[in-house]
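The values are calculated or read from the model by the stated rules, or taken from the named source; none is laboratory data. Everything numeric here is computed off the predicted structure, so don't read it as measured data. Backbone-built Cβ (ideal geometry, glycine too); neighbour counts: all protein chains shown.
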Amino acid sequence: MRRILENNPRREQVWRSGRALKRVGETYGPERTEVACDRALRFGAVSYKPVQNILKKELDLVPHPDDADASSDPINHDQVRGPTYYQH
């Protein structure tokens, strides 16, 4: 909501967007809406529509690539040369 307020100079449009975002939150629940808002903010969304689309397509239920576990094991097989291969 803060992003919507900051990027829209017209109070009427901000009011409508705020109400629409509230309706989206009531429809999908606060937890899913928070995840969708976080995801929408990552790519610079300035309206409620991207949040609504993320929720409709259930993208909030799929892990975001940036949230991948950093402690996971690297790919390890014969075709991976590694950083030492390119050093002379």
>> Here is a check on your reading of the model: is Ala45 among the hydrophobic types (A, V, I, L, M, F, W, C), modelled with pLDDT of 75 or more and not in a helix (DSSP H, G or I)?
In response: yes
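Conditions tested, residue by residue: (1) surrounded by 15 or more Cβ atoms within 10 Å (Cβ to Cβ); (2) under 15 Å from Met1 (Cα atoms).
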site	(1), (2)
Arg11	no, yes
Gly29	no, no
Arg32	yes, no
Val35	yes, yes
Arg39	yes, yes
Ala45	yes, yes
Val51	yes, yes
Lys57	no, no
Val62	no, no
> Can you name every residue in the stretch 48-69 that is charged (D, E, K, R), farther than 24 Å from Arg11 by Cα and either part of a helix (DSSP H, G or I) or under 8 Å from the mean Cα position of the chain (by Cα) (or both)?
Replying inline: Lys56, Asp60, Asp66, Asp67
